[in-house]
1. Output the number of residues of the stretch 65-112 satisfying the condition of being in contact with a strand residue (DSSP E or B) (Cβ under 6 Å, 6 or more places away or on another chain) and within 16 Å of the ligand (Cβ to nearest atom).
2. May I ask you to list the residues in the stretch 43-64 that are open to solvent by 50 Å² or more (accessible area, probe 1.4 Å) and more than 9 Å from the ligand (Cβ to nearest atom)?
3. Looking for something open to solvent by 50 Å² or more (accessible area, probe 1.4 Å), aliphatic (A, V, I, L, M), in a strand (DSSP E or B) and more than 25 Å from ARG148 (Cα to Cα) - is there at least one such residue anywhere in the stretch 21-42?
4. Among (1) more than 16 Å from the ligand (Cβ to nearest atom); (2) closer than 18 Å to MET172 by Cβ; (3) touching an Asp or Glu at 6+ places or on another chain (Cβ under 6 Å), where does LEU223 come up short?
5. Considering only residues that are open to solvent by 10 Å² or more (accessible area, probe 1.4 Å) and not in a loop (DSSP other than H, G, I, E, B), which ones fall in the stretch 146-158?
6. In this structure, is ASN134 over 24 Å from GLN2 (Cα atoms), under 23 Å from the mean Cα position of the chain (by Cα) and open to solvent by less than 70 Å² (accessible area, probe 1.4 Å)?
7. Could you tell me which numbered condition THR93 fails, if it satisfies all but one of (1) modelled with pLDDT under 95; (2) on the phi > 0 side of the Ramachandran plot?
8. Kindly indicate whether any position in the stretch 197-205 is assigned to a helix (DSSP H, G or I), open to solvent by less than 10 Å² (accessible area, probe 1.4 Å), touching a helix residue (DSSP H, G or I) at 6+ places or on another chain (Cβ under 9 Å) and of a type outside the set (Gly, Ala, Ser).
Amino acid sequence: MQLGTRHLLGIRDLASADIETILDTAVSFKEVLQRPIKKVPSLRDVTIVNLFYENSTRTRISFEIAEKRLSADTVNFTASGSSVSKGETLLDTVNNILSMKVDMVVMRHSATGAPHFLARHVPATIINAGDGINEHPTQALLDAFSIREKLGGLEGRRVAIIGDIMHSRVAMSNIQLLKKMGAEVMVAGPPTLIPKHLAEAFGVRVEYDLKTALQWCDVANVLRIQLERQNQVLFSTLREYSLAYGINKRLLDSLGRQIHIMHPGPINRGVELDSDVADSGHSLILEQVENGVAVRMAVLYLLSGKS
Ligand code: CP
């Protein structure tokens, strides 16, 4: 089994058959992760660097656990504490690391296109773990895996992506993946946080009323407001955002139907999600995190050339 691409830079470059292959392979790895001995020798002798220029909790730990479960040799790099502070460029940093015989690089960077730049200039396989506001492909794959597992498929399922769509690489990867796999997609939030071109470019519905969006969907994938990426005032206050777009149990109970709630994390409790939803039976949030390890094992295995 092989993918039609050497790197995973974005969902944009994946064919639907590749997405299917990754999700099916992840099913097998999820089964491995239920065993008493959760380790397989698939990536023995493969060396992977996790190169994180931007903060992460879930993605970095998830990749590291996936690599260890596959018996790869791993090295972790974070920009803080490195020679980046002395002025070393991205390319110099990576070429120095690669001269130590590294096969694969998992990379997160605040600049859109940073992993694409690396893929053009270095011989290793590059996996994008989030680049600026562009893409976060493994998050979309683990979200799709979680929906497929819960609802039995993606085709025809209704997914509403709610919140700060404008600054979200999770939204961009999810929209593209879900549309490729035949799901119906809605984006919902304040008009100032939804790019105008989305409906025409990707064929998604746009909704500004939260309750209408929740009544329409099978799954709501809720995003946080990314204040760190905003350089202008796009809504009045977090309090007002929460009143219009925050999801709580009272609102879910008023829908008269059951929906599933997803969130890529980190959650801003009391802003986009209240704890009575985040910690309830509606929530798939910790299942998403669990599934992330199996999905990343599948991506690493399929791109390693060992499959
Ligand atoms: N979902 C996600 O990317 O979380 P982290 O920023 O903690 O990796």
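The values are calculated or read from the model by the stated rules, or taken from the named source; none is laboratory data. Nothing here was measured: the structure is a model prediction, and the numbers come from that model. Methodologically, a virtual Cβ is constructed for each residue, glycine included, from the backbone with ideal geometry; neighbour enumeration extends over all protein chains shown. Side chains included, ligands, DNA and RNA excluded: accessible areas come from the protein's heavy atoms. Shrake-Rupley method; radii C 1.70, N 1.55, O 1.52, S 1.80 Å.
1. First pass over the stretch 65-112, keeping only residues in contact with a strand residue (DSSP E or B) (Cβ under 6 Å, 6 or more places away or on another chain): 67, 72-78, 97, 102-109, 112.
After this cut, where a residue has to be within 16 Å of the ligand (Cβ to nearest atom) as well, the list is 67, 76-78, 106-109, 112.
The number of residues fulfilling the criteria is 9.
2. Within the stretch 43-64, the first condition is being open to solvent by 50 Å² or more (accessible area, probe 1.4 Å), and the residues that meet it are 44-45, 55, 57-58, 60-61.
Selection gives ARG44, ASP45.
3. Of all residues in the stretch 21-42, those open to solvent by 50 Å² or more (accessible area, probe 1.4 Å) come to 24, 27-28, 31, 34-39, 41.
Cutting the leftovers down to aliphatic (A, V, I, L, M) gives us 27, 37.
Checking the rest, the ones that are also in a strand (DSSP E or B) come to none.
The answer is no, given that none of the residues of the stretch 21-42 is open to solvent by 50 Å² or more (accessible area, probe 1.4 Å), aliphatic (A, V, I, L, M), in a strand (DSSP E or B) and more than 25 Å from ARG148 (Cα to Cα).
4. All conditions are met except number (1).
5. Within the stretch 146-158, ARG148, GLU149, LYS150, LEU151, ARG158 meet the criteria.
6. Working: over 24 Å from GLN2 (Cα atoms): yes; under 23 Å from the mean Cα position of the chain (by Cα): yes; open to solvent by less than 70 Å² (accessible area, probe 1.4 Å): yes.
So ASN134 fits the description; yes.
7. That leaves (2) as the condition not met.
8. Our first condition is that a residue be assigned to a helix (DSSP H, G or I); within the stretch 197-205, this holds for 198-202.
Subsequent filtering for residues that are open to solvent by less than 10 Å² (accessible area, probe 1.4 Å) retains 198.
If we keep only those that are touching a helix residue (DSSP H, G or I) at 6+ places or on another chain (Cβ under 9 Å) too, we end up with 198.
Remaining after also requiring of a type outside the set (Gly, Ala, Ser): 198.
So far as the stretch 197-205 goes, yes, one or more of its residues are assigned to a helix (DSSP H, G or I), open to solvent by less than 10 Å² (accessible area, probe 1.4 Å), touching a helix residue (DSSP H, G or I) at 6+ places or on another chain (Cβ under 9 Å) and of a type outside the set (Gly, Ala, Ser).
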